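Student: First, the structure itself, so that you have it in front of you.
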Amino acid sequence: MMSFQPQQLKKLATMKMPFGKYAGRILVDLPEPYICWFEKKGFPSGEIGDLLRTLYEIKLNGLEYLLQPLKEQSQNSGKYYPKRKS
């Protein structure tokens with residue numbers, strides 16, 4: 001069984017695909033058939049390959065929902081909320 005590292009999970013929820021058909025899309029949002037294609041053809045080397053391999057295991061086991069809070073946290077961290085007037 002593969003162990004998931006917290007930093008890897010955070011990257012899956014925030015990092016964008018750097019190349020290919022889905023370049024610019026957040027990794028966790030990549031379609032499952034695309035991830036399965038990598039599994040059959042071979043994952044790229046380096047960090048992106050490790051992340052895609054981890055994402056494959058997550059999607060294969062239906063665990064994408066575990067990344068949703070990290071994705072939402074990332075999306076909300078850049079928002080500006082003005083102070084309320086008292």
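The values are calculated or read from the model by the stated rules, or taken from the named source; none is laboratory data. This is a predicted model, so every value here is computed, not measured. Every residue, glycine as well, gets a Cβ built from its backbone with ideal geometry; the counts of neighbours run over all protein chains shown.
Student: Within region 62-86, how many residues turn out to be modelled with pLDDT of 80 or more, assigned to a loop (DSSP other than H, G, I, E, B) and surrounded by fewer than 11 Cβ atoms within 10 Å (Cβ to Cβ)?
Tutor: So the answer is 1.
Student: Taking into account only those residues within region 34-61 that are in a loop (DSSP other than H, G, I, E, B) and exposed (fewer than 12 other Cβ atoms within 10 Å of the Cβ), which is modelled with the lowest pLDDT?
Tutor: Narrowing region 34-61 to residues in a loop (DSSP other than H, G, I, E, B): 42-45, 61.
Right, trim to exposed (fewer than 12 other Cβ atoms within 10 Å of the Cβ) and you get 42, 45, 61.
On the way: GLY42: 97, SER45: 96, ASN61: 93.
The selected residue is ASN61.
Student: Test each condition in (1) in contact (Cβ under 8 Å) with a residue 12 or more places away in the chain; (2) at positive phi for GLY42 and report the one that comes out false.
Tutor: Evaluating GLY42 over (1) in contact (Cβ under 8 Å) with a residue 12 or more places away in the chain; (2) at positive phi leaves (1) as the failure.
Student: Could you grab me the full set of residues in region 1-33 that are free of Cβ contacts under 8 Å to residues at least 24 places away in the same chain, assigned to a helix (DSSP H, G or I) and under 23 Å from PRO69 (Cα atoms)?
Tutor: Within region 1-33, PRO6, GLN7, ASP29 meet the criteria.
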